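Notes for the one structure printed next.
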Amino acid sequence: MRAWAAALLLAGCSASTTALAQSGPGTCPASASDMSTEMLYGTWQARIDDAPAVDIVTLGKHPDYDGVRGTITRDGARSGDAVARSTAQLAGDVDAEGQLAIDESQDGHSISGVWVGTLQPGSCGKQFRGTWRNAADESTHPFVLQKTGP
């Protein structure tokens with residue numbers, strides 16, 4: 001009888017914990033302001049101008065402030081069988097307006113691009129859409145940033 005009661009209590013606790021994990025506060029942020037910085041860490045796919053090419057973004061803890069630092073690796077134009085790749089450095093955070101703001105640098109010193117994006121409703125912290133600005137010519141391009149891994 002005690003074993004049955006313990007099993008029932010354990011099952012009830014497990015169901016309650018599962019329900020809280022699925023519907024509790026903070027499990028699916030409504031805006032980037034609701035996200036912890038750690039939720040930005042990981043691997044993301046970036047598409048600029050709805051291009052078929054996917055760039056790989058990796059973000060981790062910034063050593064100097066509550067933000068992120070990482071890289072973006074782009075596949076360049078194909079020349080025969082060779083693929084020209086470029087990697088740029090990234091650093092940013094969620095600003096006071098709740099937007100993801102990331103600076104990009106090709107050389108580690110000057111800003112070559114700026115990303116400003118909004119968390120997409122219902123994406124649970126895994127998709128941002130916004131505008132990427134090329135610092136060289138001030139052109140702007142829409143982007144989608146989709147989280148793919150931890």
Among the residues in region 84-97, are any at pLDDT below 95 and among the basic types (Lys, Arg)? yes
Hey, could you check region 52-71 for residues that are assigned to a loop (DSSP other than H, G, I, E, B) and touching a Lys or Arg at 6+ places or on another chain (Cβ under 8 Å) and say which is farthest from Glu104 (Cα to Cα)? Ala53
Going residue by residue through region 129-149, is there one that turns out to be of a type in the set (D, E, K, R), out of contact with any Gly (no Cβ under 9 Å at 6 or more places or on another chain) and loosely packed, with under 15 Cβ neighbours inside 10 Å? yes
Scanning for something modelled with pLDDT of 95 or more, within 14 Å of the chain's Cα centre (by Cα) and β-branched (Val, Ile, Thr), does region 114-127 turn up at least one residue? yes
What's the total number of residues in region 43-67 that are over 10 Å from the mean Cα position of the chain (by Cα) and polar (S, T, N, Q)? 0
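The values are calculated or read from the model by the stated rules, or taken from the named source; none is laboratory data. Just so it is clear, the structure is predicted and the values come from calculations on it, not from any experiment. With ideal geometry, Cβ positions are generated from the backbone for all residues, glycine too; neighbour counts draw on all protein chains shown.
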